[in-house]
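Report on the following structure.
Throughout, read-outs are computed from the coordinates displayed, never taken from laboratory work. None of these values were measured; they are calculated from a predicted model.
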Amino acid sequence: MRCVRVVPPEHPQAMPRTPVKDGPDEDDARRRGVVSHDGRAAAGPRRQRPAKALRVMIVDEGMRDLGELQLALEGAGHCVAARISGCADLLLAVARHKPDVILIDVDAPSRDTLESIGQINRDRPRPVVLSALQSDPDTIRRSIAAGVSAYVVDGLQPTRLKSLLEVAIVHFEEHQALKQELRKTRAQLADRCDVDRAKLMLMERRGLDEQQAFELLRKIAMDRKIRIGDAARAVIDIGQIL
């Protein structure tokens, strides 16, 4: 039998690729976003998307046209959750529309407006940007005390919208952190006072020393799976009844 050796064919030599240089027209098109770098037609201009799209509620109490402001918000990728008049129930509107930020435009913040902002700050806190024509120190002070995060005097200009929202959110978050820290500190002080009162009551009625009274309070808290401050208040309540 005759053996035949099969020799694989040689690979065809790759044809050199001639680099294609971009002409001035293509360069200009890419800068304008018409043509992408791979030569395909690029998509048209897209709506700007912020790091986080916000739901914004606009409260219009002034006489100015805020249509341009609404378009600027939507153009920046935010959602105008609602646009209401100043006579509406703001707390109810916040509960219904759940905005992330509230923009209020007024000629001068009235007492009712500041009371509504105070209710929102207490029950449903949100960053509030208030734009007003009146800029006396007393009005600004009362507005900040009510819960306004950013007070704007020269109007809600669309070109300043991004920085206004950022400032309002930062101020709001810092204020909420301070409030949380204050509540925590007050709770700790209240727990300490109640623990001392409960220890004194146990020492007088059961003849315990201070360490024994504290250990008993801690055991009560662990058995009931509650904080030691709550256990101390329970002991005080029972002691007052008995």
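Some values worked out for this structure:
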item	result
5 angstrom amide H check on Val152, placed H, neighbours 5+ away	Leu130, Ser131, Ala132
For segment 98-150, the fraction of alpha-carbon pairs in successive 5 Å shells from zero, as %	5, 22, 36, 25, 9, 2, 0
Under the Karplus curve 6.51 cos²θ - 1.76 cosθ + 1.60, θ = phi - 60°, whole-Hz ³J(HN,Hα) for segment 109-120, x wherever Gly or Pro sits	x, 7, 5, 5, 4, 5, 5, 5, 4, x, 5, 4
³J(HN,Hα) computed for each position of segment 128-142 - Karplus, 6.51 cos²θ - 1.76 cosθ + 1.60, integer Hz, glycine/proline x	10, 9, 10, 10, 9, 7, 7, 9, 6, x, 5, 5, 5, 4, 5
Alpha-carbon centroids, segment 81-101 and segment 108-153: separation in whole Å	15
Calculated from backbone phi, Karplus (6.51, -1.76, 1.60) coupling profile of segment 204-211 in Hz, x at Gly/Pro	6, 8, 10, x, 9, 7, 4, 5
Relative contact order [Cα under 8 Å, 6+ residues apart], segment 55-156, whole percent	28
Measure of compaction for segment 181-241 (Cα Rg per 2.2 N^0.38 Å)	1.09
